[in-house]
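Inspection log for the structure reproduced underneath, given as structure tokens.
The values are calculated or read from the model by the stated rules, or taken from the named source; none is laboratory data. Since this is a predicted model, take the numbers as computed values, not measurements. Quick reminder, even Gly has a Cβ in these numbers, built from the backbone with ideal geometry, and neighbours come from all protein chains shown. With ligands, DNA and RNA removed, areas are computed over all heavy atoms of the protein, side chains included. Shrake-Rupley method; radii C 1.70, N 1.55, O 1.52, S 1.80 Å.
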Amino acid sequence: MNFTPAGYSLLPVLPEIVLAVGAMALLMLGAYRGQRATPLVVALAVVLLALTGVLEICLPAGKHVTFGGSFIVDNYARFLKVLALIGSAATLLLSLEFLGHESRRIFEYAILILISTAGMMVLISAGDLIMLYLGLELMSLALYVVAASNRDNVKSTEAGLKYFVLGALSSGMLLYGMSLIYGFTGTVSFAGVAAAAKAGSIGVAFGIVFLLAGLCFKVSAVPFHMWTPDVYEGAPTPVTAFFASAPKVAAMAVFVRVVLSAFPNVMHEWQQIVVFVAIASMALGSFAAIGQRNIKRLMAYSSIGHMGFALVGLAAGTAEGAQGVVLYLAIYVAMTLGSFAVIITMKRNGQAVEQISDFAGLSRTNPVLAFFFAMLLFSLAGVPPLAGFFAKFYVFIAAIKAGLFTLSVVGVLCSVVGAFYYLNIIKVMYFDEPAGAVDPMRIELRTVLAIAGIFNLLFFVYPGPLVSAATAAAKSLF
Amino acid sequence: MIQAIVFLPLLGAILAGLIAIAGAHARNPSGDTVEHAHGHGHDDHAHASHAHDDHGHDDHHAPAEPPAAGTGAAELITTALLFVSAALSWITFVNVGFLKQDLLVHVLPWISSGDLQIAWSLRVDTLTAVMLVVVTTVSSLVHLYSVGYMDEDPHRPRFFAYLSLFTFAMLMLVTSDNLVQLFFGWEGVGLASYLLIGFWYQKPSANAAAIKAFVVNRVGDFGFSLGIFAVFMLIGSTDFETIFHAAPGLTGKTINFLGWHADALTLTCLLLFMGAMGKSAQFLLHTWLPDAMEGPTPVSALIHAATMVTAGVFMVARLSPLFELAPNAQAFVMLIGGTTAFFAATIGLVQNDIKRIVAYSTCSQLGYMFVAMGAGAYSVGMFHLFTHAFFKALLFLGSGSVIYAMHHEQDIRNMGGLKDKIPFTYVAMVIGTLALTGFPLTAGYFSKDAIIESAFVAQNPFAFYGFLMTVIAACLTSFYSWRLIFKTFHGRPHDQHHYEAAHEAPLWMLVPLGVLAAGSILAGFPFKELFAGHGIEEFFRESVKMHPHIIEEMHHIPATIAYLPTVMMVVGFVVAWLFYIQRPYLPVELASQHPLLYKFLLNKWYFDELYDVIFVRPAKWLGRFLWKKGDGFVIDGFGPDGVSARVLDVTRNVVRLQTGYLYHYAFVMLIGVAGLITWFMFGLGGQ
């Protein structure tokens, strides 16, 4: 809170530097070795992400502030950065199959993901509005390109274009909000804004509205979600998996950090926005998904709904709520990556199938796959004792303790409606006539699915480490 | 010892039940589907072979499947345990009745909830001892008889388990120390009765009869439970001692019942009596008893003649201290008893199913017992209960023997001349009939005459009505009983084929007949003084509270009145002889000359039809209404179905917003921001 210039040490930024430099080195490698090097580049990119994660963990404990307070490394940042790195690395693994095709040997894909990840890390550590914007754009620009990476596919390019145009609009709103906030508080640092922002100032309220609109766009919260289903459906499936995991973590992380550390005095204002957005997202995510026939579109609405649930924890505005959000993100990433491992593997005769009806009778043709997917779906629906239940449990507990009863009740009801479409897929897999066996599952997909599945299944047995890490992360925000 | 008497049948029931379950498993190891197919197979069989019957037969299934392993063991265990129980009961009877060793054994605390403290106790006084003897004796004989009678049925372990379960529940009922425990036994016998009536569950008619018995008894039990609540409300206890002690203080008190300030004791007794009416098949709630004959005949003998149906009589006797304080309730008891005695006898006149005749006779005799109860001569009623158990069980088991001999033919029009074929059964049935009609010196003679005398001297607004009805019924009883004997055993055989094949039943079945025949003759005279004479004070002591002086006055009635029942009996006999031996065309002519009366009686005073119109159809209509409109339309429509339909509507509309046009998406975002801004600008989101 109390802002003291702590010099310009580069140590806290070391992981980001390593990641950025590594990404450029891999770019060189690819540029000189050509598209043949794609598998190598991807493998090295995964190693690089792992190395970055290790570095992040090995940074000296405690809170480090650098670049004049605009870059913060604390437990919160560490936890979410590691989570984002895991998401990115897993996405790269999920992409191997996509990139394996002769026509799609594009090593730049991995580089773009690395750059996007670097943007996320900056975003998560942002300590002022400028750094926030920098990280957000670094992340997003790479994402626009990645969405359109399947250049010859109309849908993919359409997805990239839509995302870009709407993203630009949201960035405009974000910047407008920032300038309003700067105008009314005279500072861009979160700590300074926190000190200057007064409750009841309409200018600050406007600024918050625009700022949060931009952030809501990134986490695809209603009503700034419209791009999500189209982009999820149009983008190549591994890219969709990426969209659904790491960037969501980063955007939600900065969302939480901004409102909690920059606007603690105007909580009344932002809480209303968050409550509204949370309810709208949960409701839309639950209701709209029912009508979907395409599994990727369904996952899009699912992620909208899940972001709504995560925002319930934020709406509480307490350390407990922040802990709920952090836990929710961790579990959400595991569930999403596991589910996408299944979706990516759904191919018949080399042809990807993405309709829900294509899952018919999977329990008889691929019983293990069906079991893991069913379990992930149960987890997404929030059925105990799977991890997804605890994710919802923590955010709702926080909301109830904060007195947000209406929000909690609405949220629980939405999760009931939402359970329907998850259970519907399980019903299709277990009770419908088989639609034929799917192609064998690749080893890296198996690995991701197994880890995600076992995490979901056994989280309740030994939740201690993750929960205490989340608690520590949340504490560092207050 | 009393614990052994009560719990040995339970032990037998559990063991036989386990054998039955094991047998069912062995037959259908793979579970449901096979069981289903098997059930259907039976169904078809039953339909095919008995399609010509209008009312279902006491029918055995061809031994298409062998009985389960352990059937013999189940029979042996239950029967042996019941005989032990019966032997101990007679010892108890002597101990309690003559040596005056009343027992009150505390078993365990049962319910402890606030003011409601109920202990599980076994209370044995003379009243209970009489019932113990009746129940265990008849039950053990019926067990023995069933070994022979049921020998073709593959489900015998289940049958014996039910029989023993019934016996346990009945013993629980008669040994209870409080109303709640009594109610437990009461419902337990109801359950066993339901299970046994529906024992041949492949027959739709048996299922229907079982349900009917259960539902009609619910009506009575509803009143009974209200009565128990009323007792608890008034006295704060359900314990008999406490109730009887507190009851005299309640005279003149009123309670508010449906806005009507009723006399507390009268209302309570009427409610309790409503339970008795159901269980003992009294007028208005009698309709289930004839249908209950769908069950196997030994069941009819045990449950629907000798024991369970007398539970209502027992209950009134047990609560005699209450009823003595409620003369209006007593009057009602007398009214219902007299009506039933007459009404059931009239129906019995024209029935053709051998078991139904005996069933209506049972109904009528229960009416006699209630007349005695209404008169305040409780021990006399119990006397008739005691003797009736013997001769009515005998008649049922004898009918069973006839049915067995005739290969499950139950229509007496198809019988005739059987006395040469099955002489032992014939003799037994004649003895039973003599006892039932009150032939001098048989058991029924003493008890029935005592009832008619008690009705004559009773201080009761309906005393004369009761007297008149019972006297007329005595004549009718004699007529229909002898009609049964003549049509079954005398005259020419009507079904030559069955007649030729008729044969005497095995020894298993004849022994119980012999024992019961002996009882039907001997159960009267030795006990006359104890139940209806000067020995009452000594014998019953505190267990029943007699109307003062009634016994004394019974001994001083005019001789004409004393002989009247016997005269009526002779008249009935002569008419029956005339109709069915001397001039067999007379009844046909009579029936054709009075078709209305004949139809009226044949259709059992149209009670079933009446109840169908008044209760069954409205209930079904209400059920259908609530199902279709209430549940289907309102609850499903606005509940699950409606909600899910609305969810789909919402989904459709939301998905429609997702047009795919970029400018729509941008528009939505801007609208969102504009909405939030507006919200804050106009102060709604402000302080």
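Annotations for the structure displayed:
- Annotation: residue B:566 fulfils all but one of (1) without any contact (Cβ under 8 Å) to a residue 12 or more places away in the chain; (2) away from every other protein chain (no Cβ under 14 Å); (3) surrounded by 13 or more Cβ atoms within 10 Å (Cβ to Cβ); (4) among the polar types (S, T, N, Q); the unmet one is (1).
- Some residue of the stretch A:241-255 being within 8 Å of chain B (Cβ to nearest Cβ) and among the hydrophobic types (A, V, I, L, M, F, W, C): no
- Residues that are open to solvent by less than 10 Å² (accessible area, probe 1.4 Å) and either under 22 Å from the mean Cα position of the chain (by Cα) or within 12 Å of another protein chain (Cβ to nearest Cβ) (or both), drawn from the stretch A:174-196: A:174, A:177
- Qualifying residue in the stretch A:418-426 (condition: open to solvent by 70 Å² or more (accessible area, probe 1.4 Å), under 25 Å from residue A:291 (Cβ atoms) and either touching a Phe, Trp or Tyr at 6+ places or on another chain (Cβ under 7 Å) or in a helix (DSSP H, G or I) (or both)): yes
- Of the residues making up the stretch A:213-232, those that are among the aliphatic types (A, V, I, L, M), more than 19 Å from residue A:120 (Cβ to Cβ) and either more than 7 Å from chain B (Cβ to nearest Cβ) or within 15 Å of the chain's Cα centre (by Cα) (or both) number 1.
- For residue B:430, the test of being assigned to a helix (DSSP H, G or I), open to solvent by less than 10 Å² (accessible area, probe 1.4 Å), in contact with a helix residue (DSSP H, G or I) (Cβ under 7 Å, 6 or more places away or on another chain) and of a type in the set (Val, Ile, Thr) is failed.
- Checked against (1) of a type in the set (A, V, I, L, M, F, W, C); (2) away from chain B (no Cβ under 14 Å); (3) touching a Leu at 6+ places or on another chain (Cβ under 8 Å), residue A:275 passes all but a single condition, namely (2).
- Residue within the stretch A:152-161 that is hydroxyl-bearing (Ser, Thr, Tyr) and within 12 Å of another protein chain (Cβ to nearest Cβ) present: no
- Candidates A:114, A:143, A:138, A:180, filtered to the one that is free of Cβ contacts under 8 Å to residues at least 40 places away in the same chain and either among the charged types (D, E, K, R) or more than 26 Å from residue A:268 (Cα to Cα) (or both): A:138
- Wholly within the stretch B:458-532, helices (runs of 4 or more DSSP H) carrying at least 2 residues that are open to solvent by less than 30 Å² (accessible area, probe 1.4 Å) and of a type in the set (Val, Ile, Thr): B:463-489
- Within the stretch B:306-329, one or more residues are under 30 Å from residue B:513 (Cα atoms), of a type in the set (S, T, N, Q) and either in contact with a helix residue (DSSP H, G or I) (Cβ under 8 Å, 6 or more places away or on another chain) or surrounded by fewer than 19 Cβ atoms within 10 Å (Cβ to Cβ) (or both).
- Of all residues in the stretch B:81-106, those that are on the phi > 0 side of the Ramachandran plot have Cβ atoms under 9 Å from Cβ atoms of residues that are assigned to a helix (DSSP H, G or I), 6 or more apart or on another chain, in B:100/B:126; B:100/B:538.
- Single match in B:622, B:596, B:602 (criterion: away from chain A (no Cβ under 14 Å) and surrounded by 13 or more Cβ atoms within 10 Å (Cβ to Cβ)): B:602
- Condition check for residue A:462: of a type in the set (Phe, Trp, Tyr) and more than 22 Å from the chain's Cα centre (by Cα): yes
- Check on residue A:82, open to solvent by 10 Å² or more (accessible area, probe 1.4 Å) and in a helix (DSSP H, G or I): yes
- The set of residues in the stretch A:436-473 that are open to solvent by 50 Å² or more (accessible area, probe 1.4 Å) and closer than 15 Å to residue A:356 by Cα contains only A:437.
- Condition broken by residue B:283, with the remaining ones in (1) open to solvent by 10 Å² or more (accessible area, probe 1.4 Å); (2) part of a helix (DSSP H, G or I) satisfied: (2)
- Test for residue B:439: is it open to solvent by 20 Å² or more (accessible area, probe 1.4 Å), under 16 Å from residue B:377 (Cβ atoms) and more than 24 Å from the chain's Cα centre (by Cα): no
- Those residues of the stretch B:534-556 which are under 24 Å from residue B:460 (Cβ atoms), open to solvent by 30 Å² or more (accessible area, probe 1.4 Å) and in a loop (DSSP other than H, G, I, E, B), in sequence order: B:534, B:542, B:545, B:546, B:547, B:548, B:549, B:555, B:556
- Here is the figure for the stretch B:92-112: residues that are loosely packed, with under 12 Cβ neighbours inside 10 Å, within 17 Å of residue B:7 (Cα to Cα) and aliphatic (A, V, I, L, M) total 1.
- Set side by side, the residues B:650, B:655, B:673, B:643 differ, and just one is surrounded by fewer than 17 Cβ atoms within 10 Å (Cβ to Cβ), within 12 Å of chain A (Cβ to nearest Cβ) and not charged (D, E, K, R), which is B:643.
- Residues within the stretch B:128-154 that are surrounded by fewer than 24 Cβ atoms within 10 Å (Cβ to Cβ) and under 12 Å from residue B:88 (Cα atoms), tallied: 1
- For residue A:199: the one exception among (1) closer than 28 Å to residue B:671 by Cβ; (2) in a helix (DSSP H, G or I); (3) open to solvent by 10 Å² or more (accessible area, probe 1.4 Å): (2)
- Residue count for the stretch B:303-336, restricted to those that are within 10 Å of the chain's Cα centre (by Cα) and either outside any helix (DSSP H, G or I) or at pLDDT 90 or above (or both): 6
- The residue list B:272, B:289, B:267 contains one member that is free of Cβ contacts under 8 Å to residues at least 40 places away in the same chain and closer than 26 Å to residue B:369 by Cβ, which is B:267.
- Entry remark, the stretch A:290-318: residues being β-branched (Val, Ile, Thr), within 14 Å of chain B (Cβ to nearest Cβ) and open to solvent by 10 Å² or more (accessible area, probe 1.4 Å) number 1 in total.
- Condition check for residue B:588: open to solvent by 90 Å² or more (accessible area, probe 1.4 Å) and within 24 Å of residue B:485 (Cβ to Cβ): yes
- Exclusive hit being polar (S, T, N, Q) and farther than 23 Å from residue A:333 by Cβ, set A:408, A:379, A:415: A:408
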